[in-house]
1. Would you please list the contacts, defined by Cβ atoms under 6 Å and residues six or more apart or on different chains, that run from a residue in the stretch 551-572 that is under 19 Å from G527 (Cβ atoms) and of a type in the set (G, A, S) to a residue that is open to solvent by 10 Å² or more (accessible area, probe 1.4 Å) and in a loop (DSSP other than H, G, I, E, B)?
2. Please work out which one of (1) outside any strand (DSSP E or B); (2) buried (at least 20 other Cβ atoms within 10 Å of the Cβ); (3) aliphatic (A, V, I, L, M) is the condition V157 fails and give its number.
3. For E106, work out the one condition from (1) open to solvent by less than 30 Å² (accessible area, probe 1.4 Å); (2) at pLDDT below 95 it doesn't fulfil.
4. Condition first: touching a helix residue (DSSP H, G or I) at 6+ places or on another chain (Cβ under 7 Å) and surrounded by 24 or more Cβ atoms within 10 Å (Cβ to Cβ). Now tell me which residues in the stretch 332-346 satisfy that.
5. Counting just the residues of the stretch 565-592 that are over 25 Å from L82 (Cα atoms) and within 21 Å of the chain's Cα centre (by Cα), which one comes out surrounded by the most Cβ atoms within 10 Å (Cβ to Cβ)?
6. Conditions first: (1) open to solvent by 10 Å² or more (accessible area, probe 1.4 Å); (2) in a loop (DSSP other than H, G, I, E, B); (3) touching an Asp or Glu at 6+ places or on another chain (Cβ under 9 Å); (4) not polar (S, T, N, Q). A80 passes all but one, so which condition is the exception?
7. So which residues in the stretch 408-439 are part of a helix (DSSP H, G or I) and open to solvent by less than 30 Å² (accessible area, probe 1.4 Å)?
8. How many residues does the stretch 160-175 contain that are under 28 Å from the mean Cα position of the chain (by Cα) and crowded, with 21+ Cβ neighbours inside 10 Å?
Amino acid sequence: MYKGKGLLKVFGLILLPLLLLMPIMLSTVPVAKAQEEGGGTIVIAFLDDVKTLNPLTYDTVWEDYVISCIYESLVNVEPATLKVIPWLAQKWEMVSRTELNIVDPETGTNYTRVLFRIELAKNMTFSDGVPVNGVAVVFSYRFYMACKGLRNTVDIVTYVNRTWVDKDDPYVVWVELKHDYCSFPYGLSPAILPPHKWGPRFVKNWAQVSKAEEWTNPDATPYQVDPEEVRGFANMDPDFTIGSGPFKFVKRIPGQYILLEKNEKFWLKGYPKADRLIFKIISNPSAQVLALEKGEIDLMGWFVPPSQIKALEEHPAINLTVVDDLGYFFLGFNLRKKPMSDLAFRRAVSAIIDKNAIIEGFLMGFGSPGYTPVPIPLKEWFLEDAKNLTKYPWMDPGKNVTLAKKILADAGWRDTDGNGKFDLMPDGKTSVKGMKIEIMAPSYDPVRVRACMMICTTLEEIFDIDFVPKIPDFNTLIVTVFYTVPPNFDMYILGYSLGIEPILFLMPIFHSRYMPEKVTGGDNAYGFQNSTYDKLCEDALKEYNVTARKEIVFELQRILVEQLPAIILYYRKNVQAYRADKVAGIVPSSIGGHMNYWTFINVYKKTVVPPIPTPPEVIPMISAAVAVSAILSIAAGFWFRRAFVAA
C-alpha cells in the first residue's frame with residue numbers, strides 16, 4: 001500500500017558519504033561493482049505514460065518511478081534486507097511522549113504528543129544548488145499539512161501536529177506527532193520539496209511564513225494553500241520540477257517518453273552511473289519483449305508475459321531477474337451494492353474461483369495462490385491460519401463448486417426456477433435473475449484479462465447473473481474505481497505493490513477513513529467499514545513493540561479472511577528482462593524487481609560512444625507489426641501509492 005499504493009512508496013535518506021569514511025559508505029549503500037565504465041543513456045520501457053510528477057497527488061507506479069528519481073525523502077529501504085536505512089535523516093530519536101485526555105475527532109482516540117528530533121545530512125543540495133537543510137524539511141511537512149484531502153497527504157495531515165527547525169542548528173528538525181506512530185519516520189516522510197519553488201507558487205501568505213523566525217517557531221503561522229490548485233498541478237516544468245534526487249527532469253513527450261538527466265550535484269558521489277534515463281512508452285508487454293530482443297530498449301519495466309519467458313531465457317544477450325513480488329493481485333467488491341454486499345456471495349465467489357488454474361495456466365507456475373494482503377517477502381507477518389480450510393473453507397485455492405453452493409444455500413440463497421443457479425438473495429425479496437455484473441481488469445495485463453474472463457464464466461455456473469468482463473485502459477479503470485463518487489463499479493481486478501511495514505498498507509487499503517467518499521482517490525474503494533478493524537489499525541500504529549504489533553496484524557488478516565472485502569487471487573514472481581550485453585548495475589529486489597531506485601542509480605551502459613544521441617536516435621520506432629499490436633492493446637499501468645501502490 002504505497003498503494004503504494006508505491007504505492008509514496010516512502011523513500012528516505014542514508015548516512016551521507018561526505019560525513020563518513022569511504023569504507024563505511026561502501027558497506028552501507030548498495031552499489032554496482034567498482035568499474036571504470038559508466039555513463040550512457042538507459043532506455044526503460046513503461047507500459048503507460050505519466051499524468052503528473054506531483055508528489056502530493058501521483059497514483060501510478062510509472063509516476064512513482066520517475067518521482068523517486070527526482071525527489072528524495074528522510075529514509076530509504078535497503079533492497080536486499082528490506083530494512084529501513086538512514087538517508088537525508090542521519091539519526092532520529094523520540095525525545096518525549098505525553099498522553100492527553102483529549103479525543104482526536106479524526107481518529108476517535110486520545111491525543112498523544114510524541115516529539116522526535118531528527119539530525120539531517122549536511123552535504124545535500126537541490127539540483128539547482130540550493131541547500132537541503134532543516135528549512136526544506138520543515139517546509140515540506142508544513143506544505144503537506146496544508147493540503148488536506150489530497151491522496152498522498154492523508155497520513156501527514158492525520159498524524160503530524162507541528163514541526164520546526166532547531167534554533168541552534170539549521171540541520172536539526174523537530175517533529176511533534178498527534179499520536180504514536182510505530183514506524184516514524186518511515187511512512188510519515190514527505191518528498192522533500194524546494195521551498196524557493198513551491199512556496200512562492202502555492203503559499204498565499206508566503207511573505208509572512210517564510211520569515212526567518214517562522215522556521216524555528218513551533219507555533220508558526222499556518223500555510224494558506226488551495227489544495228485544489230495543488231491537485232491540478234502536473235509539475236512538468238524543468239525549471240520548477242527540481243529535487244535532491246539522482247536525476248533531473250528534462251522533458252516529457254506525451255505518449256512517447258520521459259527524459260531525465262543525471263543530477264551532477266547529487267550528494268552520493270559517483271552516482272547515478274548513467275547520464276540519462278529515457279522511459280519509453282510501449283503499452284503492450286509482448287511489444288516490449290520484441291523491442292528488447294531488437295535492442296531498442298535496455299530494460300523491460302513490466303513482468304515478462306509467461307508464455308515468452310522460456311524464449312528470453314534462451315536468448316544469449318538477455319538476462320532475467322526473478323524475485324518474489326512485494327505485492328498481491330486481487331478481486332475487489334463494491335460493498336455498497338447488492339449482491340456484493342452479501343457475505344455469503346463473497347465467500348461463495350472465493351470458494352469457486354480456481355486460483356490454481358490462474359497460477360498454472362496463466363502465470364505458467366510463476367506465482368502462488370493468494371490468501372491475505374500480506375505477501376511472501378513479509379512472511380513473518382503472514383497469517384498462516386488463513387490456509388486452514390477447516391476454519392476458513394472458502395479459502396480453498398481450487399474450484400470448489402459444491403462448497404460454493406452449500407455456502408449460498410446455508411445463508412438462505414434460493415434457486416427459484418430450478419435451473420441449478422441461485423437467483424434470490426436471503427432477504428427473499430432481492431432477485432438477481434438476469435442481473436448484469438461487470439468485472440473490470442486492466443487491458444495491459446494478459447494474465448488479469450484471462451483471469452477476469454475465467455472468473456466471469458465460472459460464476460455463471462452457480463448464479464443466474466450475467467457476469468460481463470470489462471477490459472478498460474488502466475486510467476479509465478482507476479478513475480472509475482477510486483475517483484468516482486459515489487463509486488458505482490461492481491467488481492474489479494487490480495494489484496498492489498507494497499511497502500515493508502504491513503500496517504502502513506493494511507490501514508489505508510481497508511480502513512474506513514480512506515474511502516473515496518472521504519479522501520479523493522482513497523484506496524478503500526470497496527467501502528469496507530468495520531469498526532473493530534479500524535480500531536485495531538489505530539492500535540497497531542501506536543504499538544512500538546514488533547511482537548505485539550504482529551499479533552494485531554494477524555488479527556487484521558483474520559477479519560479480512562472472514563469478511564472478504566477483496567479476494568486475494570495470487571502472489572506473483574516478478575520476472576523481468578534486460579539486455580545483459582548492453583547494461584550493467586542491475587539490482588534485483590522484491591521492491592519492484594529490477595525496477596527500483598537502486599537499479600536507477602547503479603545501472604549504466606557497458607560501452608559509451610560519445611556523443612550521446614538525442615532521444616529520437618536512441619529510441620528507434622518499433623516495427624509496424626509491433627506498432628499495430630501496441631495500438632490494439634490499450635495501455636495501462638501498475639497502481640502504486642505512498643508506502644504501497646496498486647497494479
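The values are calculated or read from the model by the stated rules, or taken from the named source; none is laboratory data. Please read these numbers as outputs of a predicted model, since none were measured by experiment. Heads up, the Cβs are rebuilt from the backbone with ideal geometry, glycines too, and the neighbour counts pull from every protein chain shown. Side chains included, ligands, DNA and RNA excluded: accessible areas come from the protein's heavy atoms. Shrake-Rupley method; radii C 1.70, N 1.55, O 1.52, S 1.80 Å.
1. Pairs found: none.
2. (2)
3. (1)
4. The one that is touching a helix residue (DSSP H, G or I) at 6+ places or on another chain (Cβ under 7 Å) and surrounded by 24 or more Cβ atoms within 10 Å (Cβ to Cβ): F333.
5. Only one residue tops the list, namely A566.
6. (3)
7. L408
8. So the count comes out to 4.
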